[in-house]
Amino acid sequence: MSINKKKILAISGSTRKESTNHKILEFIARKFCNILDIEIYDGVDKLPHFNTELDDNNLPIEVSQSREKIEKADGVLFCTPEYIFSLPGSLKNAIEWNVSTRLFADKPVAIIVASASWEKAFESLGLIMETIEAKIPSESRLLIQGAKGKVNPDGSITDKNILQEVDHLISSFSKSMV
């Protein structure tokens, strides 16, 4: 019997491919490959600055492609750092390109904020997702404080509590896609 894997679009808030956030997404993609088909989106840094005048007419191809990926995904998993008490500008920009759509309405979403210690990006991303009507259960949210000390250079998570929390988040996220 074959398992019908859910298609997940994973979006890192960091534009660095070697970032802790990107490594966490790669780890999750490897660990849960038997139940989830995870595509790590690599276009956050390629999107033009949000411009409402381009939203209806002359939509940039990069924006059209990112919207198509969101639409085709069964769920979206965000993993982001915090920059100056907020989301990275590139991630906020990527989300803003979708505000005029209904792509996130009732779309299952999970969020991980892996930062040094602050919680503002965690609060902000949760509020933004709720505002655009994403389906984001409280169990599908995870704050990893001091993340760099809990993730090895190969991407493996070393903290046993965080490993359990990741398992719980993925379980909750998977159930929200039913």
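The values are calculated or read from the model by the stated rules, or taken from the named source; none is laboratory data. None of these values were measured; they are calculated from a predicted model. Neighbour counts are summed over all protein chains in view; Cβ atoms, including those assigned to glycine, are modelled from backbone coordinates with ideal geometry.
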Listed residues 39, 18, 26; which is acidic (Asp, Glu), surrounded by fewer than 22 Cβ atoms within 10 Å (Cβ to Cβ) and in contact with a Pro (Cβ under 9 Å, 6 or more places away or on another chain)? 18
Looking at 50, 104 in this structure, which one is among the aromatic types (Phe, Trp, Tyr), within 17 Å of residue 128 (Cβ to Cβ) and within 15 Å of the chain's Cα centre (by Cα)? 104
For residue 100: the one exception among (1) touching a helix residue (DSSP H, G or I) at 6+ places or on another chain (Cβ under 8 Å); (2) within 28 Å of residue 154 (Cα to Cα); (3) modelled with pLDDT under 95: (2)
When the range 135-162 is checked residue by residue, the ones that are under 20 Å from residue 76 (Cβ atoms), touching a strand residue (DSSP E or B) at 6+ places or on another chain (Cβ under 8 Å), surrounded by fewer than 22 Cβ atoms within 10 Å (Cβ to Cβ) and not basic (Lys, Arg) are 142, 143
Would you pick out the residues in the range 142-159 that are over 14 Å from residue 21 (Cβ atoms) and either modelled with pLDDT of 95 or more or of a type in the set (Val, Ile, Thr) (or both)? 158
